[in-house]
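The values are calculated or read from the model by the stated rules, or taken from the named source; none is laboratory data. Since the structure is predicted, the reported quantities are computational estimates derived from the model, not experimental observations. Using ideal geometry, Cβ is built from the backbone for each residue, glycine included, and neighbour counts are taken over all protein chains shown.
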Amino acid sequence: MKKVERINTIMRYVNNRAHFTISEIMQEFNISRSTAIRDIKEIEAMGMPLVAEVGRDGGYFVMNNTLLPTVRFTDNEVKALFIAFMATRNQQLPYLQNRHSIAEKLLGLISQHQQDDLVLLNSVLLFSSTNPHNPDLLDLSDFPHPMLEKLIQTLLLDRSLMLSIQEGDVVNTYPTYLLHLYQEKSFWFIEGFDLEEERRKIYKVDHLIDVQLYASKKRFSKKKILEKLSEQEETANLIIELGPKAIAQFKKYRPLKASINYTNPYQTTAILRTYVNVNHAEEVTEITNWILFLGGDIKVKQVPQEVIETLNERIRIFCP
């Protein structure tokens, strides 16, 4: 990002916040501390009334939050927003009912020329979630689980939650610190730290009956939770080298626990290390299917015997 563009973006960033720190600027814009301080001084010199707060947790706040003009979208920003909407049109995402009103408000902010461009883009751009015979058609057969939005609203108040999970005919409650909320194969999952058993657990949102704030005094800081999780990390028992075709497949779909490290500066080869719990048949089956999905551009360096056996069974189905 060029300096002028960065300064303008930082001005927007600080103008939209009641309070900010140098560390937040460094992290948000990936710049050094000296650069962040220099940029803030330049912004102050332009006339933005920043007030510094002293102390260990000190930072800055904007005295008058109306210095900058009304937001205007550039042509490229409008296209970026519109294409992002198109790309996720038929995906099971929360707050779907708000997308129509957002689109109407965006249309009211842009010129007739920009609207004409969007009409043309809508007629020629197709995504994996788009019906090619009718791009305007919403193919959603159902909406995300109704508890998803309540879960999001609650975690914004506190990530320490009491989850009520349907397990067969029984509803069990789990005090959980929510680590991540993620989507995989059109299903939403909660990755959390069980505050009683003190270990990582994953729950399917479809099985969520209720969610409340966790009222108990037994709490852990996020730092303490990450330390405990780090202590519990299993040694990798699946190691695979990936070529360029396998890397392309990996980018299309990857399990939550899997990550790759590139082994050359051109990012055409990589190595994957992960742990497979061989005591969970479902996990073994899933990782087997995923290895087949990666294709032939891989070299398996280490793999559990249970995965090999499942692979052989899958191969015998197609090549008896």
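The number of residues in region 29-40 being loosely packed, with under 11 Cβ neighbours inside 10 Å and under 14 Å from Tyr60 (Cβ atoms) comes to 0. The residues of region 255-274 that are in contact with an Asp or Glu (Cβ under 9 Å, 6 or more places away or on another chain), closer than 16 Å to Ile239 by Cβ and either of a type in the set (Lys, Arg) or surrounded by fewer than 16 Cβ atoms within 10 Å (Cβ to Cβ) (or both), listed by number, are Pro255, Thr263, Ile271. Only residues that are assigned to a helix (DSSP H, G or I) and surrounded by 19 or more Cβ atoms within 10 Å (Cβ to Cβ) were counted across region 143-153, and they come to 3. Restricting attention to region 217-233 and to residues that are under 23 Å from Tyr275 (Cβ atoms) and polar (S, T, N, Q), the residue that is surrounded by the fewest Cβ atoms within 10 Å (Cβ to Cβ) turns out to be Ser230. Being farther than 26 Å from Trp188 by Cβ and either of a type in the set (Ser, Thr, Tyr) or loosely packed, with under 13 Cβ neighbours inside 10 Å (or both) is the filter here, so list the residues in region 122-131 that pass it. Result: Ser123, Val124.
Residues being of a type in the set (S, T, N, Q) and closer than 30 Å to Gly168 by Cα are entirely absent from region 235-250.
Restricted to region 94-120, and to residues there that are modelled with pLDDT under 80 and surrounded by 13 or more Cβ atoms within 10 Å (Cβ to Cβ), the residue that is farthest from the chain's Cα centre (by Cα) is Leu107.
Taking region 230-284 as the search range and keeping residues that are small (Gly, Ala, Ser) and touching a helix residue (DSSP H, G or I) at 6+ places or on another chain (Cβ under 7 Å), which one is farthest from Arg314 (Cα to Cα)? Checking each candidate, the answer is Ala270.
Looking across region 297-320, just one residue is within 16 Å of Lys252 (Cβ to Cβ) and surrounded by fewer than 16 Cβ atoms within 10 Å (Cβ to Cβ), and that is Asp297. Scanning region 237-253 for residues that are modelled with pLDDT of 85 or more and under 30 Å from Leu155 (Cβ atoms) yields Phe250, Lys251. If only residues of region 11-23 that are at pLDDT below 85 and in contact with a helix residue (DSSP H, G or I) (Cβ under 6 Å, 6 or more places away or on another chain) are counted, the one that is surrounded by the most Cβ atoms within 10 Å (Cβ to Cβ) is Phe20.
Which one of these is in contact with a helix residue (DSSP H, G or I) (Cβ under 8 Å, 6 or more places away or on another chain), modelled with pLDDT of 80 or more and either in the same structural domain as Phe187 (by TED's automatic domain parsing) or surrounded by 15 or more Cβ atoms within 10 Å (Cβ to Cβ) (or both): Met26, Met48? Testing whether each residue is in contact with a helix residue (DSSP H, G or I) (Cβ under 8 Å, 6 or more places away or on another chain), modelled with pLDDT of 80 or more and either in the same structural domain as Phe187 (by TED's automatic domain parsing) or surrounded by 15 or more Cβ atoms within 10 Å (Cβ to Cβ) (or both) leaves just Met26.
For region 156-178, the tally of residues that are in a strand (DSSP E or B), without any contact (Cβ under 8 Å) to a residue 40 or more places away in the chain and under 24 Å from the mean Cα position of the chain (by Cα) stands at 3. For region 180-217, what are the residues that are among the hydroxyl-bearing types (Ser, Thr, Tyr) and at pLDDT 90 or above? Result: Tyr203, Tyr214. Output yes when any residue across region 180-203 is within 18 Å of the chain's Cα centre (by Cα), β-branched (Val, Ile, Thr) and surrounded by 13 or more Cβ atoms within 10 Å (Cβ to Cβ), and no when none is. Yes, that holds for at least one residue.
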